[in-house]
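The values are calculated or read from the model by the stated rules, or taken from the named source; none is laboratory data. Given the structure is predicted, the values throughout are model-derived calculations rather than measurements. Here Cβ is always computed from backbone atoms with ideal geometry, including for glycine, and neighbour counts include all displayed protein chains. Only protein heavy atoms, including side chains, enter the accessible area calculation; ligands, DNA and RNA are left aside. Shrake-Rupley method; radii C 1.70, N 1.55, O 1.52, S 1.80 Å.
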Amino acid sequence: MTNIKLSATAKIPTGKPGRVFVIGVTTQDSKLVLLPHRLETAALHELDLSALGVSSKLESISRFPGPDGSVLALIGAGVEELDEDSLREVAASAVRKLDGAKEIVFDLPTDDDRDAVSVLEGALLGNYKYASAVPNDLGKGKPSVKQSITSITVLTDKKVSSGAIERSRVLAQSVHRVRDLVNTPPNLLFPGSFADIVGKEAKAFDVTVTVLEEKALKAGRFGGILAVGQGSSRPPRLVKIEYAPKKSKQHLALVGKGITFDTGGISIKPAASMVGMKYDMTGAATVYQAILAIAALKLPVKVTSYLCLAENMPSGTAIRPNDVIQIRNGKTVEVLNTDAEGRLVLADGLSAASELNPDLIIDVATLTGAARVALGDRYSALMGTSDAVSAVEAAAFDSGELVWHMPLPAEMRERLNTDVADIANAKIGSTAGGMLLAGVFLREFVGSTKPGAKPQAWAHLDIAGTANNEGAAYGYTPKGATGVALRTLVTVAEGMSR
Ligand code: BES
Ligand code: ZN
Ligand code: ZN
């Protein structure tokens with residue numbers, strides 16, 4: 001994908017075989033109409049488009065002969081006016097449907113340069129289908145992007161900067177990497193192999209990687225990560241990645257849940273709920289690729305990412321319900337449900353991040369099934385302190401990602417009271433507000449434990465509903481891992497660079 005030529009131009013390329021012109025179709029007064037375009041299409045006006053199967057429905061595409069051996073593709077653009085995100089979606093579905101195309105030219109209405117870049121970004125994001133489960137693991141096998149495409153052009157008279165075009169390339173590439181990592185089968189991707197991938201891949205970026213193995217985790221008192229990982233023959237890891245450019249005013253810390261497989265542990269999941277639990281490391285993959293993208297874009301903001309990696313397995317060495325463990329910040333936790341493991345590894349990550357006193361901490365996690373129950377699979381849940389929530393909400397909106405602000409009710413805290421530790425990790429016998437209760441638990445590990453310390457800005461993204469698309473591909477969302485939240489994180493970092 002790296003090599004696809006991207007351009008924005010007002011000059012209409014000539015027709016030739018392998019080149020596809022994409023024009024949008026909408027419905028007005030119950031008649032099909034082409035969206036404003038630049039290409040000469042007089043020949044189409046003679047045709048009864050609906051009789052030929054053309055439709056304005058999203059995901060619908062019809063092909064006609066274009067000039068000089070080229071193809072003219074009419075893509076359903078829905079009936080609403082195209083905003084930045086619907087341009088992404090429409091461009092993406094065209095790319096997904098245009099098998100074999102070499103050069104794709106988008107002739108869609110663009111009101112400004114952001115619209116034009118959105119077309120390119122959507123086209124790149126949509127060019128993805130997980131290709132290989134064979135020991136490709138580490139990105140060396142079959143690529144997940146269409147190899148036929150050599151160039152993507154957007155026709156526009158707006159001036160588009162090369163920086164904006166390169167940004168869309170970096171974002172799409174990073175989203176693709178998240179998807180590849182998450183889609184990788186869990187026999188191939190486990191804490192040690194994940195840490196090795198980071199060690200190798202990050203070498204090409206201006207970042208420093210520190211991998212804490214078991215001994216260092218013990219010495220560092222990372223009791224949550226160790227406890228969750230202790231049932232697996234494949235030991236846990238904490239990966240710390242730092243990007244510290246010379247010029248930076250602010251510091252962003254990112255913490256990701258990286259359970260490479262979540263069986264539930266001794267509180268084992270039913271067979272059907274366990275399928276898909278390879279996705280439980282999405283948070284870690286996201287904060288990992290986000291910091292690489294931020295480094296690639298050379299943003300003047302300091303960033304530290306923590307990948308909290310463990311495999312949650314039941315075994316003779318696994319943690320059991322009623323065990324009491326101690327988190328990095330000194331607080332003790334009674335584990336009442338070993339399937340509420342994400343909050344235990346994040347507690348360590350949030351404690352470590354808090355020690356750095358960053359301007360903002362964001363954690364990303366496939367944390368609760370309750371997130372899916374509450375918000376479905378298109379809205380990620382957002383919780384946290386009010387300034388942090390506003391910043392993430394604005395960045396998500398700019399990126400075209402959907403988040404919904406949920407509360408952290410203080411009175412829920414007492415549901416986690418226990419006689420034997422500072423806090424329990426779950427409320428047994430009640431599922432009420434499960435997503436909120438998880439957030440209330442995490443809050444206990446945010447901020448310095450030193451008396452008089454200033455409050456820590458913090459946002460929590462529960463992406464359990466949005467990380468994985470179980471249905472068919474739509475827009476730029478493929479089947480399987482979606483890569484959600486990465487663009488929001490990079491946009492937050494951009495906001496902190498100004
Ligand atoms: N990894 C799961 C959450 C999850 C569920 C993600 C479905 C994606 C899809 C998490 O570790 C978990 O099992 N949470 C429990 C918490 C409960 C035991 C308090 C849950 O949601 O049931
Ligand atoms: Zn779990
Ligand atoms: Zn989990």
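Give me the pairs, please: first residue somewhere in segment 366-379 and touching a residue at least 60 places away in the same chain (Cβ under 8 Å), second residue anywhere and more than 9 Å from ligand 3 (Cβ to nearest atom) and open to solvent by 60 Å² or more (accessible area, probe 1.4 Å), beta-carbon distance under 7 Å, and either six or more positions apart or on two chains.
Ala370/Thr431; Leu375/Trp404; Arg378/Leu402; Tyr379/Leu402; Tyr379/Trp404
I need the full set of residues from segment 179-221 which are in contact with a Leu (Cβ under 6 Å, 6 or more places away or on another chain) and crowded, with 17+ Cβ neighbours inside 10 Å, in order please.
Pro191, Phe194, Ile197, Leu212, Leu217
Looking at Leu436, is it more than 23 Å from Tyr288 (Cβ to Cβ), in contact (Cβ under 8 Å) with a residue 12 or more places away in the chain, hydrophobic (A, V, I, L, M, F, W, C) and open to solvent by 20 Å² or more (accessible area, probe 1.4 Å)?
For Leu436, the condition - more than 23 Å from Tyr288 (Cβ to Cβ), in contact (Cβ under 8 Å) with a residue 12 or more places away in the chain, hydrophobic (A, V, I, L, M, F, W, C) and open to solvent by 20 Å² or more (accessible area, probe 1.4 Å) - is met.
Look at segment 47-69 and say how many of its residues are open to solvent by less than 30 Å² (accessible area, probe 1.4 Å) and among the β-branched types (Val, Ile, Thr).
The qualifying residues number 1.
The rows are residues; the columns are (1) more than 26 Å from Ala396 (Cβ to Cβ); (2) within 16 Å of ligand 3 (Cβ to nearest atom).
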position: Val275; (1), (2): yes, yes
position: Thr317; (1), (2): yes, no
position: Gln326; (1), (2): yes, no
position: Asn329; (1), (2): yes, no
position: Thr338; (1), (2): yes, yes
position: Asp348; (1), (2): yes, yes
position: Ala353; (1), (2): no, no
position: Ile361; (1), (2): no, no
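With respect to Pro270, determine if the residue is farther than 23 Å from Ala172 by Cβ, open to solvent by 50 Å² or more (accessible area, probe 1.4 Å) and at pLDDT 95 or above.
Judged against the criteria, Pro270 is a match.
I'd like to check something: does segment 233-246 contain any residue that is away from ligand 2 (no atom under 16 Å from the Cβ), within 22 Å of Ala396 (Cβ to Cβ) and assigned to a strand (DSSP E or B)?
Yes, because at least one residue in segment 233-246 is away from ligand 2 (no atom under 16 Å from the Cβ), within 22 Å of Ala396 (Cβ to Cβ) and assigned to a strand (DSSP E or B).
If you check Val255, Val239, which single one turns out to be closer than 24 Å to Lys331 by Cβ, within 16 Å of ligand 1 (Cβ to nearest atom) and β-branched (Val, Ile, Thr)?
Going through Val255, Val239 in turn, the sole match is Val255.
Tell me, yes or no, whether segment 397-404 has at least one residue that is among the small types (Gly, Ala, Ser), within 16 Å of ligand 2 (Cβ to nearest atom) and within 30 Å of Tyr476 (Cβ to Cβ).
No; the residues of segment 397-404 include none that is among the small types (Gly, Ala, Ser), within 16 Å of ligand 2 (Cβ to nearest atom) and within 30 Å of Tyr476 (Cβ to Cβ).
Restricting to segment 1-54, count the residues that are assigned to a strand (DSSP E or B) and touching a residue at least 60 places away in the same chain (Cβ under 8 Å).
Final tally of qualifying residues: 11.
Go through segment 19-35 and count every residue that is buried (at least 16 other Cβ atoms within 10 Å of the Cβ) and over 14 Å from Leu108 (Cβ atoms).
Residues that pass the stated criteria total 3.
So which strands (runs of 3 or more DSSP E) are wholly in segment 279-396 and hold at least 3 residues that are open to solvent by less than 10 Å² (accessible area, probe 1.4 Å) and assigned by TED's automatic domain parsing to the domain that holds Lys240?
Hits in segment 279-396: 302-312, 360-365, 380-384.
From the list Ala391, Ala410, Ala352, Ala395, which one is more than 23 Å from Lys278 (Cα to Cα), more than 23 Å from the chain's Cα centre (by Cα) and either more than 16 Å from ligand 1 (Cβ to nearest atom) or not aromatic (Phe, Trp, Tyr) (or both)?
None of the other options fit; the residue is Ala410.
Where the second residue is within 13 Å of ligand 1 (Cβ to nearest atom) and open to solvent by 30 Å² or more (accessible area, probe 1.4 Å) and the first is touching a residue at least 24 places away in the same chain (Cβ under 8 Å) and on the phi > 0 side of the Ramachandran plot and lies in segment 318-346, which pairs have Cβ atoms under 6 Å and are six or more apart or on separate chains?
From segment 318-346, no pairs qualify.
Within segment 418-426, is even one residue polar (S, T, N, Q) and either part of a helix (DSSP H, G or I) or surrounded by 14 or more Cβ atoms within 10 Å (Cβ to Cβ) (or both)?
Yes, because at least one residue in segment 418-426 is polar (S, T, N, Q) and either part of a helix (DSSP H, G or I) or surrounded by 14 or more Cβ atoms within 10 Å (Cβ to Cβ) (or both).
Given segment 108-226, what helices (runs of 4 or more DSSP H) lie entirely inside it while holding 3 or more residues that are under 30 Å from Ile325 (Cβ atoms)?
Filter on segment 108-226 gives 162-183, 191-201, 214-219.
Considering only segment 285-308, state which residues are in contact with a helix residue (DSSP H, G or I) (Cβ under 7 Å, 6 or more places away or on another chain) and among the small types (Gly, Ala, Ser).
Ala285, Ala290, Ala293, Ala296, Ser305
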